[in-house]
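Worksheet: one structure, shown below.
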Amino acid sequence: MDILSGLLNGFAVALAPANLLWCFVGVFLGTVVGVLPGLGPPATIAMLLPLTFSMNPAGAIIMLAGIYYGAKYGGSTTSILMNVPGESASVVTCIDGYQMARKGRAGAALGIAAIASFVAGTVGVLGLMLVAPPLAKFALSFSSPEYFALMSLGLALVVLLAGRSIVKALLAALFGLWIASIGTDLFSTNSRFTFGRMELLSGIDFIVVAIGVFALGEVLGNMEAREETQLLEVPKGLRNLLPTWQDLKDCRFAFANGSVIGFLVGTLPGGGSTIASFLSYGLEKAVSRRRDQFGTGVIEGVAAPEGANNSETGGALVPLLTLGIPGSGTTAILLAALVLWGFKPGPLFIPEHPDLFWGLVASMYIGNVMLLVLNLPLVPLFAQVLRMPVYLLYPLILGVSLVGVYSASGSLFDLGLLMVFGLLGYLMRKLDYPAAPLILGLALGSGMERALRQSLMMSQGELSILVSRPISAVMLSLAVVILLIPLFGKLNAWRLRALES
Amino acid sequence: MNIRCATLVLAALAALPQTAALAQGFKPSRTVELVVHTGPGGGSDVLARALAVMAEREKLLPVRMIVVNKPGGNSAVAAAYLSEKRGDPNTIGLFTGVWLQTPLVSPEAKVTLRDLTPVARLVLEPAVIAVKADAPYRTLAEFIDAAKKNPGKLKQSGGSNTSRDNVVRQLLQKSTGAQWAFISFPGGGERIAALIGGHVDIMVIEPEEAGEHIRAGNMRVLAQVSERRLPGFPNAPTLKEAGFDVPVVPQVRGMVAPPGIPAANVAYWEDFCRRLTRTASWQKYIADNQFEDGYQNAADLAKFYDEFTGRMRDILKDAGVKIVR
């Protein structure tokens with residue numbers, strides 16, 4: 001079907017007053033859900049499913065999709081203001097976003113997150129509209145060797161996230177990889193590092209570690225400094241509370257970077273928004289002129305990952321709607337919802353239900369605009385949160401973290417784990433170990449190990465499978481190059497010293 | 001008949017409706033909790049929510065039913081939660097095959113289905129064996145022959161090594177002497193992508209999931225893991241019809257209650273399940289998902305459990321999995 005006529009039909013569906021209302025309800029709920037750590041789009045969509053049975057399917061899918069990408073907008077709020085990742089995809093935003101808030105630029109950070117999310121979200125929908133079928137085919141050629149190479153590339157970015165000491169960064173990453181191995185091995189059903197506790201049988205939840213190390217570690221570290229009840233600076237005036245034109249100019253590449261990487265990683269059934277945001281952040285740091293300042297509050301470091309996790313939603317809908325294959329937790333529920341309503345997502349979904357598909361696409365454009373309009377004016381309001389004295393703010397952070405973790409799992413054991421990782425985060429700050437590599441190792445660890453073992457099973461033990469396939473060979477070589485960059489730096493310094501003497 | 005006899009008979013007659021009333025005396029007194037082992041959006045969770053909606057629509061319960069998620073531990077956390085609710089008749093759980101298997105292989109999962117109170121078995125999930133549409137195998141026998149010629153080279157995608165996918169593979173391998181590799185993928189989407197993308201050769205897949213891919217011409221079904229031919233697959237032979245004498249390993253779902261529940265409560269929940277399986281909404285659900293109605297009452301379910309786990313132990317031991325219980 002011709003794209004233009006399809007899109008026009010879609011807008012006719014999406015602009016119907018009832019569907020507009022559902023779109024607004026969806027994106028609003030999504031933003032709220034994204035802001036609250038712990039409660040995520042999968043849980044919200046599952047709880048709303050019974051209500052959707054009596055709705056028109058177009059309105060229902062528009063609303064549920066709105067929750068999905070709306071949550072990505074909201075996830076950055078607590079990340080920037082309190083160093084508490086709202087979603088696992090927002091962890092990377094904490095790194096520079098929170099530092100910007102500490103320097104008094106919370107408004108700019110929140111604003112650029114909203115703008116980057118809008119740009120990338122729209123690009124994601126464009127991609128879904130224009131290149132979905134051929135891209136889906138390409139994504140099918142990705143299998144375990146390619147996933148292993150992609151994640152190795154992500155892990156190699158540890159080097160770029162290293163800060164001062166690469167050894168400490170690598171140690172942190174290794175520790176993250178170890179935490180990822182806790183649980184039940186998928187291939188042999190052996191229990192690993194469960195210490196006899198059944199709660200550890202399914203591993204340690206990523207968000208527990210992230211909130212513990214980032215948010216609680218930060219609170220504990222600052223409490224120890226015994227600072228007077230200092231307010232974090234919040235500049236006066238609306239102009240200082242939003243990104244400046246200079247900021248927008250600085251982020252030009254970050255917008256493109258986030259959009260493209262997020263969308264591409266999203267189309268891979270084994271990809272995810274966490275990987276997308278890490279890769280996008282790493283790429284931004286690699287090409288930026290201010291790469292040494294990343295981690296201290298650089299605005300591109302917020303724009304890139306935030307854009308990536310938004311365009312990833314458009315990308316994740318590609319395999320769902322063109323092949324009927326869900327890529328992530330939320331798309332799996334959207335699949336279940338479609339099945340419950342009587343549709344069968346698969347390769348014939350778009351040709352047989354063009355109104356539904358194009359209505360959804362059109363509503364995503366509208367939804368992204370609604371979210372920009374919803375989020376930008378709220379930025380100065382949210383930034384005021386930081387005017388609270390720290391003796392109010394830190395207990396708030398603590399409370400939000402505890403409630404968030406408990407609401408996700410209902411388990412007191414997880415709260416205990418949260419405390420343990422909070423202490424770990426504190427220790428890491430004292431000993432100057434960077435936290436980002438640990439989170440990266442945890443995020444990629446299980447996926448990488450699985451991909452490697454699957455690849456070896458496919459090749460019956462031949463490691464060459466990783467380099468005999470073109471895509472994985474290219475990505476692995478890139479990973480090796482990235483890992484060797486600091487070596488070149490050291491060789492150069494050694495050579496210069498040799499020349500001087 | 002003298003007065004004393006008459007009084008006795010009258011007393012007995014008067015007592016009858018009382019006993020009947022006692023047996024029917026149990027009704028849930030507060031909101032019923034339906035415990036599932038997945039988080040919101042997982043397979044069991046979606047079924048449980050649909051079940052709660054059906055119970056309300058068909059007015060099967062005098063109270064509301066809510067879904068309580070107790071994820072973690074591959075069902076061990078949910079089983080432990082039910083075990084803690086000893087004697088509470090207003091809590092029930094929705095179990096699946098993983099509840100039966102996890103205690104066999106994980107020492108940390110201490111609560112088995114027998115430690116709780118089995119109530120009823122609800123559905124049996126059949127499966128089909130599928131290959132990519134352009135694969136050179138027209139029948140399962142051709143695939144088995146190819147596997148015999150190249151031992152270990154052909155690949156199957158599936159879940160964990162204790163999942164039904166691998167059990168079917170183990171049974172076929174043992175009965176035919178063929179050998180092929182099994183590659184675990186955690187999600188159904190990735191397994192299907194591996195097959196359609198040409199990275200594995202065969203998979204065991206739920207009929208509902210396969211439906212659309214077959215219609216689009218990406219997949220082909222070689223055989224079905226079922227006692228009778230499913231209505232959606234009239235042309236695919238069952239394993240027995242295809243000449244493979246292996247038992248059909250069902251994937252089951254059903255209801256279980258906490259331990260220490262009096263018989264009257266179990267009877268109430270059995271009756272609830274029986275009425276549920278007769279409602280129109282449930283029949284439609286079964287038909288849409290191509291499940292089989294596998295209703296069994298509590299006593300039969302207990303027998304099924306013993307037989308199923310006994311068989312599982314042998315099959316998994318052959319597969320090299322360590323059995324702990």
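The values are calculated or read from the model by the stated rules, or taken from the named source; none is laboratory data. Source: prediction; values computed, not measured. Please note: Cβ atoms are built from the backbone with ideal geometry, for glycine as well, and neighbour counts cover all protein chains shown. Surface accessibility is based on the protein's heavy atoms, side chains included, excluding ligands, DNA and RNA. Shrake-Rupley method; radii C 1.70, N 1.55, O 1.52, S 1.80 Å.
Data table
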quantity: Dipole in debye (nearest 20) - the range B:127-225, about Cα centre, beta carbon charges: Lys, Arg +1; Asp, Glu -1; calculated: 380
quantity: Accessible surface buried upon A-B contact (total; probe 1.4 Å; Å², nearest 100); calculated: 3700
quantity: Efficiency of FRET between A:ALA286 and A:MET47 - r from beta-carbon atoms, R0 30 angstrom, step 0.05; calculated: 0.15
quantity: Mean Cα-pair separation over length for chain A, i.e. relative contact order, pairs under 8 Å, 6 or more apart, %; calculated: 29
quantity: Taking the convex hull of Cα positions in the protein assembly as shown, its mean projected area over all directions (nm²); calculated: 42.8
quantity: Share of carbon and sulfur in the accessible heavy-atom surface of chain B [1.4 Å probe, %]; calculated: 53
quantity: Euclidean distance of C-alpha centroids, the range B:168-242 and the range B:150-167, integer Å; calculated: 11
quantity: The range A:2-500 - percent of accessible surface contributed by carbon and sulfur, probe 1.4 Å; calculated: 69
quantity: Cα-based convex hull, chain B, per residue volume (Å³, whole number); calculated: 164
quantity: Cα-based Rg of the range B:145-200 normalised by 2.2 N^0.38 Å, two decimals; calculated: 1.11
quantity: Sites A:LEU171 and A:LEU478 - FRET efficiency at Förster radius 25 Å, r taken between beta-carbons, to 0.05; calculated: 0.60
quantity: Positive dipole terminus of the protein assembly as shown, leading residue within A:THR44, A:LEU487, B:ILE214 (C-beta point charges); calculated: A:LEU487
quantity: Per-residue mean of C-beta atoms belonging to partner chains within 10 Å, peptide A:189-195; calculated: 5
quantity: Of the trypsin sites (Lys or Arg not before Pro) in the range A:440-501, those whose Cβ has at most 16 other Cβ within 10 Å and which sit in DSSP loop; calculated: none
quantity: Amide N of the range A:288-309 lying under 18 Å from the label point, which is placed 7 angstrom from the Cα of A:ARG252 along Cα→Cβ; calculated: A:288-291, A:299-301, A:303-304
quantity: About the Cα centre, charge dipole magnitude for the range A:239-313 (Lys/Arg +1, Asp/Glu -1 at Cβ), debye; calculated: 220
quantity: Average accessible surface area per residue within the protein assembly as shown, 1.4 Å rolling probe, Å²; calculated: 40
quantity: Surface/4 estimate of mean projected area, convex hull on alpha-carbon atoms of the range B:190-271, nm²; calculated: 8.6
quantity: Unit charges at the beta carbon, dipole of the protein assembly as shown: most positive-side option, B:THR117, A:GLY203, B:GLN251; calculated: A:GLY203
quantity: All-pairs alpha carbon distance profile, the range B:127-225, 5 Å steps from 0, percent; calculated: 2, 15, 26, 29, 19, 7, 1
quantity: For the range B:75-118, residues shielded by at least 50 square angstrom of accessible area compared with the chain on its own, probe 1.4 Å; calculated: B:GLU108
quantity: R0 of 35 Å, Cβ-Cβ distance A:SER141-B:ASP115: FRET efficiency to nearest 0.05; calculated: 0.15
quantity: Cut-off 19 Å, label 7 Å out along Cα→Cβ of B:GLN179, residues of the range A:168-203 by amide N; calculated: A:188
quantity: Inter-label distance for A:PHE488 and B:ARG275, nm, one decimal - labels placed 7 Å from Cα along Cα-to-Cβ; calculated: 7.5
quantity: In the range B:24-113, trypsin sites (Lys or Arg not before Pro) in a DSSP loop with at most 16 other beta-carbon atoms within 10 Å; calculated: B:ARG30, B:LYS59, B:ARG64, B:ARG86, B:LYS110
quantity: Dipole of the range A:2-500, positive end: most advanced residue of A:LEU157, A:SER5, A:SER191 [Cβ charges, Cα centre]; calculated: A:LEU157
